[in-house]
Structure formats: C-alpha cells, structure tokens
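Please treat every number below as a calculation from the coordinates, not as lab data. All of these numbers come straight from a predicted model, not from anything done at the bench. Note: ideal-geometry Cβ built from the backbone for every residue, glycine included; neighbour counts use all protein chains shown.
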C-alpha cells in the first residue's frame, strides 16, 4: 500500500424495504412497518461507511470482505464497520471525517441522527463531530421515492498516522 498522507473513499448502497424485518440504520432500530432486506441486518448506513473505508484503503468492496455466504447470514453490520476500523489500524490510518447522506421518504430520521453519529463514533473511535449524517428524500421519484427502498451514500477522508 502506498504511503499517501490522505486518501478518499466513496460508497453507495440501496436496500429494498420489506415487511417482517426490523429497520436498523447506523445501529439504531427505528420503529417502522418495514425493514431492509439483505444478507446481513442490511444496515445501509454501516454498509456505505465500511465500504468507503475499504475503498479509501484500496482493499476492495463489501462483498470482498463479507461475501453472501452462510456464516455471514444475518450478522450485525456493526461487525462490518468494526472490521473496516481494524483495517484502518492495520494500515496506520484514522478517519479524518465522514459525510453520509441517507435517502428515504419515510420514516423521518432526524430524531435518530445523533444516536447514529454516536454509534459510528464509538465503532470508529473518533469524535462525533467528525461524522455527518444527513437525510433527504427523492420527492416521490423512483423506488426510493415510492417508499420501496432506502439508499445511502458516504464519503470518507482518512489520514495516515505518523
């Protein structure tokens, strides 16, 4: 791996909303009539955070580290972020800051954003002020806008520890 002082990673993910699944976003179980479908707990925020770190380190994608095999079925996505954090340690990088956008029509996420930021700050061992989470809608356009899915984007800046 090159010895760059700063590296940037980006990720996008989308999961379908279905009945009879809990809605978990950044480790927060949100009361809602639907949850996200996926091989793991489908926490779309944790997925984009981890994958953006994998990208910044040039170490592949989510499927590289957590393929859809039985041993990862229904795992907590917190374990995925913890793995990404361990890779930062291994390669002597820390998170400088992360900017996350979550796109959904419902539920309203504003009551949960501070807890989401706290959860991420603990997993990544950074100050909450280094993590931004914003929520927006698709104004009724496409599958996200029709309430059939939740999408998230993340960009991370990591810096080398001297």
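At a glance:
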{"quantity": "Rounded to 5, the percent of DSSP beta bridges in the range 30-152 classed as antiparallel", "calculated": "25 percent"}
{"quantity": "Segments 48-57, 66-75, 22-31, 5-14 sorted - mean Cβ within 10 Å per residue, highest first", "calculated": "48-57, 22-31, 5-14, 66-75"}
{"quantity": "Mean separation of Cα contacts under 8 Å (6+ apart) over length of the range 6-160, as relative contact order %", "calculated": "34 percent"}
{"quantity": "Mean Cβ count within 10 Å, highest first, over the residues of peptides 110-121, 150-161", "calculated": "150-161, 110-121"}
{"quantity": "Principal-axis tilt of helix 113-124 within the chain, Cα atoms, nearest 10 degrees", "calculated": "30 degrees"}
{"quantity": "Isotropic mean projected area of the C-alpha convex hull, the range 100-162 (nm²)", "calculated": "4.9 nm²"}
{"quantity": "Using alpha-carbon coordinates, inclination of helix 77-90 to the longest axis of the chain, degrees", "calculated": "10 degrees"}
{"quantity": "Prolate/oblate/rounded label for the range 38-162 (Cα gyration tensor, a/c 1.5)", "calculated": "oblate"}
{"quantity": "Estimated [θ] at 222 nm from DSSP helical runs (n ≥ 4, -39500 (n - 2.57)) normalised by residues in the chain, nearest 500", "calculated": "-8500 deg cm²/dmol"}
